[in-house]
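Asker: What follows is a single structure, and I will ask about it in a moment.
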Amino acid sequence: MIRAVRATLRSLVAVLLEPSAPPDALARAAASLHGLLLRTSGLEDDPAAHRESTLPSGRALSPFDAGRCALDPVRTAVLLRGVRAAIAAAREHARGRRIEVLYAGCGPFAPLVLPLLVLEEAGDLRVTFLDVHVAAIAALRRVVERLEVGDAVADALVCDAAADAPVRGTAVDVVVVEAMQRSLGHEPQVAIVRNLVPLLAPHGVLVPERIRIDLVLSDPDVEIADGFASARAEAARVPVGTVFELSRWSASAPLDGDGFLPPVVVTLPVPIGPRARPMLFTRVDAFGAHTLATAASGLTVPEPLWRVPDLPAGSRLAFRYRLGSDPRLAWSSPAPP
Ligand SMILES: C[S@@+](CC[C@H](N)C(=O)[O-])C[C@H]1O[C@@H](n2cnc3c(N)ncnc32)[C@H](O)[C@@H]1O
């Protein structure tokens, strides 16, 4: 029985890892993966599975909703490919020792790492899973046990990954964090990354290795009508500049007294008006060439900033990322220098 489930999982992973897999094949594989992990985990029998939390660092989705993230097919596939590539890069430094992987905000199914554990190549992995929800970790422990992948698992811990130091004394090769929404709003991705990057070995890799938010002026009618994905939408766009970037290197910037990261100021090349509204475009570089492009997944759907007033060309807009229980990128329109 377990052999058959592991074989099914291996075949789903093969589809998700295949760069030329067509979108409908990815969607079917992601749905089957979610179904398999839901059945294996017994998550639906746990009344706590539907409870979400508001933490000092942001919103933690309920285990049930966190599990549903696996259903975003391109997200799941591209991040899984990125994690696998990051592990391969870490192997070059490991010289035969085991690869330490820390996956924070893993949810009940840990879909960005756990599926890799049924592959033969996973024999040298030592993974620690973290989630703030007891029901998520309990479900994940059942999955690990039932799929018989415990040899690769160091631990699965209930822990606030934005506040606690979960592993001590071990330099981590790969840190995986996916606790985010588009424009890095609401969920604590930034706070978790800030807390965990000090655990990385010098050669270590953060996945996603870079999350970039760009300000773009574009026509909302065209963008929305074309699902933010057409040559017509692309032609309507006027890039303004990068307003936030999260990487291993940028994560540790100091906060000011109000909990803000340093501001970025951009100057508008054209006026803001009805056909040129400001929008935040999120790009997620998982690792190497594995990138989530605009609108390829829920994480990278552009966010129109409807409240920014019409402004003339040459106006300046300041963006500051604010940590806290509702983290987000805040904008303001400063006076000219
Ligand atoms: C958007 S879900 C993603 C789940 C999984 N990483 C995936 O990619 O499908 C985010 C997960 O992060 C967890 N989480 C949020 N804040 C956390 C924190 N401060 N510490 C640990 N886990 C956290 C939530 O409980 C939830 O399971």
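Asker: So, D155, is that one surrounded by fewer than 21 Cβ atoms within 10 Å (Cβ to Cβ), near the ligand (Cβ under 8 Å from one of its atoms), among the acidic types (D, E) and in contact (Cβ under 8 Å) with a residue 12 or more places away in the chain or not?
Answerer: Working: surrounded by fewer than 21 Cβ atoms within 10 Å (Cβ to Cβ): yes; near the ligand (Cβ under 8 Å from one of its atoms): no; among the acidic types (D, E): yes; in contact (Cβ under 8 Å) with a residue 12 or more places away in the chain: yes.
When the stated conditions are applied, D155 does not pass them.
Asker: Pairs, please: C-beta under 7 Å, at least 6 apart or cross-chain, first residue farther than 22 Å from S62 by Cβ and in the stretch 114-139, second hydroxyl-bearing (S, T, Y) and within 13 Å of the ligand (Cβ to nearest atom)?
Answerer: Every condition considered, the pairs that remain are V127/Y103.
Asker: To continue, here is another question. Taking the condition surrounded by fewer than 17 Cβ atoms within 10 Å (Cβ to Cβ), at pLDDT 95 or above, β-branched (V, I, T) and within 11 Å of the ligand (Cβ to nearest atom), does V134 pass? I'd like the intermediate steps shown before the answer.
Answerer: Numbers: surrounded by fewer than 17 Cβ atoms within 10 Å (Cβ to Cβ): yes; at pLDDT 95 or above: yes; β-branched (V, I, T): yes; within 11 Å of the ligand (Cβ to nearest atom): yes.
Spelling it out, V134 is indeed surrounded by fewer than 17 Cβ atoms within 10 Å (Cβ to Cβ), at pLDDT 95 or above, β-branched (V, I, T) and within 11 Å of the ligand (Cβ to nearest atom).
Asker: Continuing with the same structure: Restricting to the stretch 295-324, name every residue that is in contact with a strand residue (DSSP E or B) (Cβ under 6 Å, 6 or more places away or on another chain) and hydroxyl-bearing (S, T, Y).
Answerer: If the condition is that a residue be in contact with a strand residue (DSSP E or B) (Cβ under 6 Å, 6 or more places away or on another chain) and hydroxyl-bearing (S, T, Y), then T300, Y321 are the ones that fit.
Asker: Still on this structure: Looking for something crowded, with 20+ Cβ neighbours inside 10 Å, in contact (Cβ under 8 Å) with a residue 24 or more places away in the chain, in the same structural domain as D310 (by TED's automatic domain parsing) and assigned to a helix (DSSP H, G or I) - is there at least one such residue anywhere in the stretch 218-228?
Answerer: Looking through the stretch 218-228, at least one residue is crowded, with 20+ Cβ neighbours inside 10 Å, in contact (Cβ under 8 Å) with a residue 24 or more places away in the chain, in the same structural domain as D310 (by TED's automatic domain parsing) and assigned to a helix (DSSP H, G or I).
Asker: Suppose we filter the stretch 266-294 for residues that are of a type outside the set (D, E, K, R) and under 19 Å from S218 (Cα atoms); how many remain? Explain how you work it out, then say what you get.
Answerer: If we filter the stretch 266-294 for residues that are of a type outside the set (D, E, K, R), which is where we start, we get 266-274, 276, 278-282, 284, 286-294.
From what's left, under 19 Å from S218 (Cα atoms): 266-274, 276, 278-282, 293-294.
Result for the stretch 266-294: 17.
Asker: Looking only at residues in the stretch 231-256 that are among the polar types (S, T, N, Q) and surrounded by 13 or more Cβ atoms within 10 Å (Cβ to Cβ), which one is nearest to V216 (Cα to Cα)?
Answerer: Step one: of the stretch 231-256, the residues among the polar types (S, T, N, Q) are 242, 247, 250, 252.
Restricting the remaining residues to those that are surrounded by 13 or more Cβ atoms within 10 Å (Cβ to Cβ) gives 242, 247, 250.
Numbers: T242: 9, S247: 21, S250: 22 Å.
Per the stated criteria, the residue is T242.
Asker: What is the number of the single condition among (1) in a loop (DSSP other than H, G, I, E, B); (2) among the aromatic types (F, W, Y); (3) closer than 30 Å to L80 by Cβ that W306 does not meet?
Answerer: Looking at each condition in turn, W306 falls short on (3).
Asker: Which one of V301, V264 is of a type in the set (V, I, T), surrounded by 13 or more Cβ atoms within 10 Å (Cβ to Cβ) and within 29 Å of L71 (Cα to Cα)?
Answerer: Numbers: V264 fails: within 29 Å of L71 (Cα to Cα).
When all the criteria are applied, what remains is V301.
Asker: Which number in (1) closer than 24 Å to R142 by Cα; (2) of a type outside the set (S, T, Y); (3) more than 13 Å from the ligand (Cβ to nearest atom); (4) surrounded by fewer than 15 Cβ atoms within 10 Å (Cβ to Cβ) marks the one condition that H50 misses?
Answerer: Of (1) closer than 24 Å to R142 by Cα; (2) of a type outside the set (S, T, Y); (3) more than 13 Å from the ligand (Cβ to nearest atom); (4) surrounded by fewer than 15 Cβ atoms within 10 Å (Cβ to Cβ), only one is false for H50: (3).
Asker: Can you name the number of the only condition in (1) touching an Asp or Glu at 6+ places or on another chain (Cβ under 8 Å); (2) farther than 29 Å from V113 by Cβ; (3) small (G, A, S) that G298 fails?
Answerer: The number of the failed condition is (2).
The values are calculated or read from the model by the stated rules, or taken from the named source; none is laboratory data. Note that the structure is a prediction, hence the values are computed from the model and not measured. Here Cβ is always computed from backbone atoms with ideal geometry, including for glycine, and neighbour counts include all displayed protein chains.
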